[in-house]
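Heads up, the thing below is written out as C-alpha cells.
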Amino acid sequence: MSTNPTPPYFCPMFNSLQQKWGVSTRQFWIIFIAFGLTGTTAAFLTRYITGWLGFDASTHWGWKLLLRLSMLLIGYQALLLFYGALLGQWSFFWKYERKLLEKLKILKSQQPTAPTYRGGQKPLTPTSIAIFASGAGSNARKIIEHLRDHDSIRVALIVCNKPGAGVLAIADEYGIDTLLIEKERFFRGDAYVPELAARNIGFIVLAGFLWKIPGALILAYPRKIINIHPALLPGYGGKGMYGMHVHEAVIAAGEKKSGITIHYVNEKFDEGEHIFQSSCPIEQADTPESLAQKIHALEHRHFPIVIEKVILKDRSLQPTANS
Ligand code: GRF
C-alpha cells in the first residue's frame with residue numbers, strides 16, 4: 001500500500017531540490033536549463049557591458065562591484081523571468097522572484113497563517129482545497145476543471161508522494177502549486193499541517209493517494225478529508241485494495257455490479273462515513289481493465305460534483321460573525 005517516492009537521480013541533492021521545489025521531473029530539468037541559460041547570459045552581458053563602459057585594470061573597484069551587484073540584483077533576476085517564461089515556467093519563476101522580493105522587503109508577504117474560517121467567522125474568501133494524488137491524476141484533472149471558475153472553492157494545491165507522477169504535470173498545466181511529501185515527515189512528523197495551514201487549505205480531497213492518512217492530519221481536518229474508492233464499500237476495501245487489485249477481486253468474485261464510494265476519511269483504510277455511492281453493472285465479458293474504465297467514467301462524472309456539494313454545505317454551516 002505504501003510506496004516510497006523513487007529517487008530518480010544519482011545525485012541526492014537533485015532529489016531534495018525537486019522535493020523542495022515541488023515540481024515534476026520534466027519541470028525540474030526545464031528549470032535547471034533556465035538557470036543555466038540565465039547564468040551564461042548574465043556572465044556574457046556583464047563582460048559586454050564592462051567592455052562597453054571601458055572598464056579596465058585602472059577602474060576603481062567600487063564601480064566594478066556596483067556593476068556586478070546591479071547585474072545580480074536586476075539583470076540576473078530579469079533574465080531568469082525571461083527564460084522561465086520562454087520555457088513555459090513563468091509561475092515557478094515568478095513565485096521564486098516574489099519570495100526574493102518579499103525577503104528584501106520590496107513586496108509585502110502574501111503568506112496566510114491559518115484557514116480563514118477557523119476563527120468562528122463565516123468564510124468570505126473561497127475555500128482552498130488540496131488534492132492529494134500520486135497517480136495519473138485523471139480525477140484531479142476533472143476536479144480542477146469543474147472548480148476552475150468557482151466563486152467559493154479553489155484548488156490551491158496538489159500534494160503528491162511520487163516524483164514524476166502524472167498528476168504533477170497536470171498541476172503544472174493549470175498553474176497549481178505542488179507539494180512533494182516524504183514518508184518520515186508525513187507519518188512521524190507534523191504530517192505537513194503547517195504547509196497546508198500556510199496555504200489556507202480548508203479541505204482535503206484524496207484522488208488516488210495510496211498512503212494511509214496519519215492521525216495528525218485527521219485531527220487538523222476533522223470531517224474535512226474526502227476519499228474516493230473504486231468499489232462499493234464496505235466490500236473490496238481496506239489495506240491492499242487499490243487500483244487494479246480491486247477490479248480483479250470484484251471480477252474474480254463474480255459480482256454482478258461494482259461502483260464507487262465517496263467517503264470521509266478516518267484512521268482506518270476505507271472505513272469512514274459514506275457520502276455517496278453509484279454503481280454500474282458488470283457484464284459477462286467484462287475484464288478488470290474494462291471494469292476499471294467503467295469505474296473511472298463514474299468517478300469523473302460524480303466526484304467533482306460531490307466535492308462541490310460537500311464543501312458548499314460545510315461553508316453554509318460555518319457560524320457567522322454574529323452567531
Ligand atoms: C481512482 O480509481 C480512485 O478511485 C482511486 O485511485 C484512482 C486514481 O485514478 N482512489 P486517477 O489517478 O485519478 O486516474
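The values are calculated or read from the model by the stated rules, or taken from the named source; none is laboratory data. Predicted model only: the values in this text are computed from it and were never measured. Positions of Cβ are generated from backbone atoms using ideal geometry, with glycine treated the same way; all protein chains shown enter the neighbour counts.
Under the condition of being closer than 21 Å to Ala136 by Cα and either at pLDDT 95 or above or among the hydroxyl-bearing types (Ser, Thr, Tyr) (or both), the residues counted in segment 268-305 number 19. The residues of segment 70-93 that are over 9 Å from Thr38 (Cβ atoms), surrounded by 15 or more Cβ atoms within 10 Å (Cβ to Cβ) and aromatic (Phe, Trp, Tyr), listed by number, are Phe92, Phe93.
The residue list Asp172, Asp177 contains one member that is within 16 Å of the ligand (Cβ to nearest atom), of a type in the set (Asp, Glu) and touching a residue at least 12 places away in the same chain (Cβ under 8 Å), which is Asp172. The single condition from (1) without any contact (Cβ under 8 Å) to a residue 40 or more places away in the chain; (2) of a type in the set (D, E, K, R); (3) assigned to a loop (DSSP other than H, G, I, E, B) that Lys162 fails is (1).
Matching residues to (1) at positive phi; (2) modelled with pLDDT of 95 or more:
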position: Thr113; (1), (2): no, no
position: Ile129; (1), (2): no, yes
position: Ala140; (1), (2): no, yes
position: Leu157; (1), (2): no, yes
position: Val167; (1), (2): no, yes
position: Tyr192; (1), (2): yes, yes
position: Gly202; (1), (2): no, yes
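Scanning segment 122-168 for residues that are among the hydroxyl-bearing types (Ser, Thr, Tyr) and within 16 Å of the ligand (Cβ to nearest atom) returns Ser134, Ser138. Within segment 196-218, residues that are without any contact (Cβ under 8 Å) to a residue 12 or more places away in the chain and part of a loop (DSSP other than H, G, I, E, B) have Cβ atoms under 7 Å from residues that are among the aliphatic types (A, V, I, L, M) and surrounded by fewer than 21 Cβ atoms within 10 Å (Cβ to Cβ) in no pair, counting only partners at least 6 apart in sequence or on another chain. Say whether the condition of being away from the ligand (no atom under 11 Å from the Cβ), modelled with pLDDT under 95 and closer than 26 Å to Gly215 by Cβ is met by at least one residue in segment 239-247. Within segment 239-247, one or more residues are away from the ligand (no atom under 11 Å from the Cβ), modelled with pLDDT under 95 and closer than 26 Å to Gly215 by Cβ.
Figure legend. Inter-residue proximity from segment 183-195: first residues more than 13 Å from Cys160 (Cβ to Cβ), second residues of a type in the set (Phe, Trp, Tyr), beta-carbon distance below 6 Å, spacing 6+ or different chains. No pairs are indicated. If you go through segment 248-265 and pick out every residue that is within 16 Å of the ligand (Cβ to nearest atom) and either at pLDDT below 95 or of a type outside the set (D, E, K, R) (or both), you end up with 11.
In segment 287-314, the residues that are without any contact (Cβ under 8 Å) to a residue 40 or more places away in the chain and of a type in the set (Lys, Arg) form Cβ pairs under 9 Å with partners that are buried (at least 16 other Cβ atoms within 10 Å of the Cβ) and part of a helix (DSSP H, G or I), at six or more places apart or across chains, as follows: Arg301/Lys142.
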